[in-house]
Each structure stands twice: as structure tokens, then as C-alpha cells.
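Bear in mind that the values in this text are calculations on the coordinates, not laboratory data. This is a predicted model, so every value here is computed, not measured. Cβ atoms come from the backbone with ideal geometry, glycine included; neighbour counts cover every protein chain shown.
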Amino acid sequence: MPFTAQIWLGFLLANLWCCTVLAGPYIPAGDLALRHDIQRLADHGVIKGPVTTWPLAWGPILEDLRKADAANLPSGVLDALGRVRDRANWEVRAHELTFNAKTGVADNATRIRSFQNTPRGKIEVAVGASWIDDWFSADLNVQGVDSDQNSNEFRADDSMIGVVLGNWSVAASTQQRWWGPGWDGSLILSNNARPIPSLVIDRVFTDRFETKWLSWLGPWDLSVMFGRFESERHVPDAQFFGSRFNFRPIPSLEIGLSRTAQWCGDGRPCDLDTFSNLLIGRDNRGGSGIDVENEPGNQLAGVDFRWSPSFIKMPVSIYGQFIGEDEAGGFPSRYVGQVGFEGSGFVLKQWSYRYYVEAVSTSCDFWKSDEIFNCAYNHSIYRTGYRFHGRPVGHGTDNDARLISVGLIFVDADDTQWRTLVRYGALNREGVPDSRNSLTSTPQDIASIDVSHSRAFSFGVIDMGVGYEQVDDNASGVSSSDGRFYLQWRSSY
């Protein structure tokens with residue numbers, strides 16, 4: 001597996017006492033239009049650091065915004081700069097207690113969540129409060145949810161309590177996370193499932209290394225998390241470990257290296273030796289004394305990239321993510337994959353837009369004619385798999401799916417938004433019924449379209465969406481269709 005404990009320790013020690021920064025806040029995953037604006041500013045060179053690891057720290061973004069020369073920016077980029085500055089001025093209010101509230105209703109909530117936040121249950125009501133100062137921050141939120149997914153009616157999702165030590169933030173967090181360049185899904189960590197309660201260590205400012213041996217990496221970021229899964233699973237209270245290192249060696253290219261693992265839990269080894277074996281990738285049975293009794297855990301690891309070719313005189317990018325479900329020769333193997341193409345622009349002197357086309361396959365060795373089924377997100381020991389409260393922690397299609405997504409985003413200067421998402425593909429493609437798949441135990445072909453709209457008013461933001469999905473079940477031969485709808489309101493003061 002990539003990354004050793006020595007590499008992580010070196011990164012931490014080299015940057016521990018870099019500078020003094022404001023203790024938060026972070027931008028959690030879930031706001032598609034804000035992500036579009038931040039990515040547009042990054043593509044134009046206004047934002048210098050990596051932007052594919054969410055939550056993002058406001059600190060380095062604010063520093064880059066202050067340095068931006070607005071006089072030399074094209075109108076579309078200037079439009080995005082204004083919206084991000086307005087959002088920052090509202091959310092980064094130091095030494096001031098702020099409050100927020102949100103409520104939403106949904107009829108037939110979407111089975112596959114994209115980056116955009118939508119209600120998880122039939123009814124959601126949430127309130128919260130936050131505080132930021134020079135070294136401490138707290139963002140506490142509670143929700144009441146009526147959901148068929150699980151019985152947790154009251155939750156503390158989207159919360160964090162953190163401190164800043166030099167250039168590092170250490171926090172207890174239930175914030176939503178997203179690792180990778182995909183817009184409709186991430187193969188290793190997305191907001192499809194509820195956030196895993198974790199202790200998180202994040203680098204704040206993303207300045208490059210000063211040493212000539214590593215300065216070629218460019219601006220870089222690092223996130224490490226230690227979490228715990230729920231009790232109601234095959235191995236109760238299994239632990240979660242995740243780490244991601246991403247960097248921009250040139251302004252047009254961002255690369256991410258990610259690794260996660262399920263380990264420990266009731267009846268499983270939890271000592272330091274077990275974690276050490278997990279870190280160095282010594283967890284394959286039959287070697288180094290590893291057997292079913294002391295196997296450290298279930299690991300995923302891989303690489304992603306996003307590249308904006310400079311020789312193409314258009315604001316377009318290609319991206320990909322390749323995550324291995326196994327290890328061979330010290331490197332990930334049995335990959336699942338995702339590729340995409342995107343572009344952005346500004347039309348009618350008002351609307352900033354982004355489009356993307358994304359394809360994903362979640363069967364192992366997906367590019368081969370003899371791809372491996374019932375492999376991704378499943379494990380022989382952690383039989384509940386790479387899932388949390390009934391949803392995949394990675395891509396929302398779960399294992400053995402192929403899906404093509406086409407998305408379109410429009411946003412104007414007042415943050416009025418229109419969003420469209422079209423999907424077509426196949427779920428759980430192997431013919432043998434698989435009860436572990438969170439979406440369907442039998443193969444299904446699906447086609448869907450979702451259209452959503454949000455608008456800011458003096459009393460808050462109204463966000464609403466409608467969708468339609470057609471499902472053909474290959475086992476029963478039955479075809480069905482259904483509509484969906486959601487309406488939510490949010491405000492802060």
C-alpha cells in the first residue's frame with residue numbers, strides 16, 4: 001500500500017509549528033455551487049492550493065482571495081470571486097456566536113447522493129451554533145430526522161470541535177467529507193453515507209515545502225482521520241482509519257493519494273502491532289504469519305487526478321480516480337475506477353455554469369473482460385462491508401455498478417442556482433442475488449433525471465428539487481418508475 005508511517009510522521013513534524021492561523025472554520029462537502037466557484041478560481045490561478053479534499057479550510061482560501069487582482073480577472077471569474085468573498089465574510093465571523101437552522105421534507109429521497117446536499121429522510125429539522133477564535137472553534141448541530149434508513153431520530157451530524165496547533169487543526173468531527181475530483185461520486189470517501197464520527201487532523205495552510213527535494217510537489221494538503229462505525233453491524237464498533245495527501249505540482253494538475261481501512265471492532269485485534277501491520281500493508285493472509293484471526297483489516301487505497309490541459313484554449317478538465325480493493329507487491333490492486341470530463345464558462349453576462357460527464361465502474365479489475373464481482377466494498381470478515389448506517393462510504397452506486405452521469409450547474413451573481421443531473425446505468429450487475437448491496441439485491445438497469453433550484457431570500461435560502469427514475473429489474477423482469485421531490489430551507493444569523 002502507498003504511504004508508510006514514517007512518511008506521515010515526517011510531514012507532520014516538518015510543518016507542525018508553521019504559523020498561527022484562525023481556528024477554522026472549514027467548508028464541509030455538500031454545496032455544489034460553492035464548489036463550482038472555488039474550482040473556477042483554482043483553475044484560473046486565484047486559489048493556489050488543492051481543492052479536492054473536503055472539508056476545505058477557509059484560511060488559505062481567504063489569503064488567496066485577498067491577494068487576487070480583481071482588475072485583471074475576466075467577468076466570469078470575477079463573478080465567482082464575488083460570491084466566494086461574500087460567503088467567506090458571512091461564515092468567517094471571529095469572536096462572534098452565530099446560529100443556523102434548517103428544515104426539509106422529501107418524498108422518496110434519492111437512493112444515490114451526489115455532492116449536493118439533499119434531505120436524507122422524509123422530514124429533517126436542524127439547529128446549530130458556532131464560535132471561532134484564534135485557536136479554538138466549535139460548530140455544534142443537532143438534527144431530528146424521520147427516515148426509513150435507520151432508527152437514529154436525533155443526530156449530531158455536521159458538527160466539529162477543534163483547536164489549531166501551528167499549521168494543524170485537530171478536531172472531533174462529524175462533518176461531511178469528500179475525497180476526490182468527482183462531482184457525482186467518490187470511490188473512497190463521499191457524503192453518500194452519513195459522516196463517520198472521527199478525530200481528524202488536517203493541515204490548514206497548503207504552502208509548498210521549502211526544501212528543494214520536496215518543493216516540486218507544489219502546494220499540498222494532508223488529512224488523517226480516526227473514526228468508528230456503528231454498533232449495529234456484523235463486527236460492531238469497527239474502527240475507521242483514513243488518510244489523504246494531495247498536491248498541485250503545476251497549477252493545471254492536482255493529484256491525490258488516498259487510503260482508508262476498517263479495523264478493530266468487537267472480537268478483532270485492536271493493539272498497536274495490529275495498527276502497525278495495517279499501516280505498512282502487511283495484512284494479506286498466508287504471509288508474515290497473517291491469518292483470519294489476526295488479519296489487521298479491510299483496506300482501500302489509490303490515486304486520483306484532475307488536469308486542465310493548457311494547450312486547449314478552453315476552460316475544460318479531465319479527471320479520474322482509481323481505488324484498489326486489495327494489495328499486491330506493496331501496491332493497490334483489483335481497482336475500481338471513475339473518469340470524467342468537465343468544462344465551465346459564463347453566459348448572458350449573468351450565469352456562471354459548469355457541465356460534467358462522469359463514468360464509474362465499481363466491479364474490481366473493471367477494465368478487464370473477466371472483471372471480479374462481489375469484491376468492492378465487501379469483505380469476508382467485516383461482512384457489513386464498507387458501509388455506514390446502510391449506505392456505502394464510497395460511491396453511492398455500491399458494488400458491481402456501471403453508471404454514466406451528466407450534470408449541469410448554473411449560478412448567478414445573487415447565488416440563484418439551477419442544477420440538472422441525468423444518470424443511466426446498471427446496478428449490482430452480477431446475476432447471483434447479493435443481499436449486502438445497499439441499493440438492490442438483484443441486477444437493475446436505471447435511468448433518472450433530477451432538476452433542482454435554489455434562491456436566496458431575506459429570510460433564508462429555499463432549495464427544491466424534483467426527480468424521476470425508471471428501474472428495470474433483470475431478475476423479475478418487472479419495470480417500475482417513480483418520482484421524487486424535496487423542499488428545504490436554511491438560514492444563519
Taking amide H positions as placed 1.01 Å from N in the peptide plane, with prolines and chain starts having none, which residues 5 or more places from Lys122, or on another chain, fall under 5 Å of its amide H? Asp146, Ser147, Asp148
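Please give the length that would be gained between Asp482 and Ala359 if that part of the chain were fully extended, namely 0.36 nm times their separation in residues minus their C-alpha to C-alpha distance (nm, one decimal).
41.9 nm
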HN-Hα J couplings of the range 239-250 from phi, Karplus 6.51/-1.76/1.60, θ = phi - 60°, integer Hz, Gly and Pro as x? 8, 10, 10, x, 8, 9, 10, 10, 8, 10, x, 9
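By its C-alpha gyration tensor, with a ≥ b ≥ c as the square roots of the eigenvalues, how is the range 166-310 shaped: rounded for a/c under 1.5, else prolate for a/b larger than b/c, else oblate?
Details: a/c = 1.94, a/b = 1.64, b/c = 1.19.
Because a/c hits 1.5 or more and a/b exceeds b/c, the range 166-310 counts as prolate.
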Cα gyration tensor, the chain - rounded (a/c under 1.5), prolate or oblate: rounded
Per the Kirkwood formula over distinct C-alpha pairs, the hydrodynamic radius of the range 352-493 in angstrom is 17.2
Residue (of Gln321, Pro249, Ile446) at the positive-pole extreme of the range 5-492, dipole from beta-carbon charges: Pro249
Quick one: which residues, 5 or more positions from Asp133 or on another chain, have an amide H under 5 Å from its amide H? H modelled 1.01 Å from N in the peptide plane, none for Pro or chain starts. Ala23, His95
Please give every one of the lysines within straight-line cross-link reach of Lys122, meaning a C-alpha to C-alpha distance under 26 Å, and leave out same-chain neighbours fewer than 8 residues apart. Lys102
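When the chain is fully extended, how far beyond the present Cα-Cα distance does Asp445 get from Ala475, taking 0.36 nm per residue of separation? Walk me through the numbers on the way to the answer.
Values: separation 30, 0.36 × 30 = 10.80 nm, distance 1.08 nm.
Contour length minus the Cα-Cα distance gives 9.7 nm.
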Under a crude label model (7 Å from the Cα following the beta-carbon direction), how far is Glu210 from Leu257 in nanometres? 2.3
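Given R₀ = 22 Å, FRET efficiency for Leu62-Val163 by Cβ-Cβ distance, to 0.05? Can you show the working numbers first?
Numbers: r = 19 Å, r/R0 = 0.87.
The formula returns an efficiency of 0.70 here.
Starting from the Cα-Cα distance between Asp266 and Phe331, subtract it from 0.36 nm times their residue separation and give me the gain in nm to one decimal.
On the way: separation 65, 0.36 × 65 = 23.40 nm, distance 2.85 nm.
Length gained between Asp266 and Phe331: 20.5 nm.
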Can you compute the modelled spin-label distance between Trp489 and Trp307, with each label point 7 Å from Cα toward Cβ, in nm? 4.9
Where Rh is the Kirkwood radius over the Cα pairs of the range 230-284, the temperature 20 °C and the viscosity 1.002 mPa s, what D in µm²/s does Stokes-Einstein return? 161
Candidate lysines for bridging to Lys212, where Cα separation is under 22 Å - those fewer than 8 sequence places away on the same chain excluded: Lys48
Under 5 Å between amide H atoms, partner at least 5 residues away or on a different chain: which partners does Gln175 have, H built in plane at 1.01 Å? Asp158, Ser159
Alpha-carbon centroids, the range 408-434 and the range 174-206: separation in whole Å: 19
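For a quick protection proxy, order the peptides 203-214, 112-123 by their average other-Cβ count within 10 Å, most packed first.
Numbers: 203-214: 15.9, 112-123: 21.0.
My ranking of the peptides, most packed first, is 112-123, 203-214.
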From the phi of every residue in the range 226-236, what ³J(HN,Hα) in whole Hz does the Karplus formula 6.51 cos²θ - 1.76 cosθ + 1.60 yield, where θ is phi - 60° and glycine or proline is x? 10, x, 9, 6, 6, 7, 8, 7, 4, 10, x
Integer Hz, Karplus 6.51/-1.76/1.60 couplings in order for the range 439-456, x for Gly and Pro: 9, 7, 7, 10, x, 9, 9, 10, 9, 8, 9, 10, 10, 9, 8, 9, 8, 8
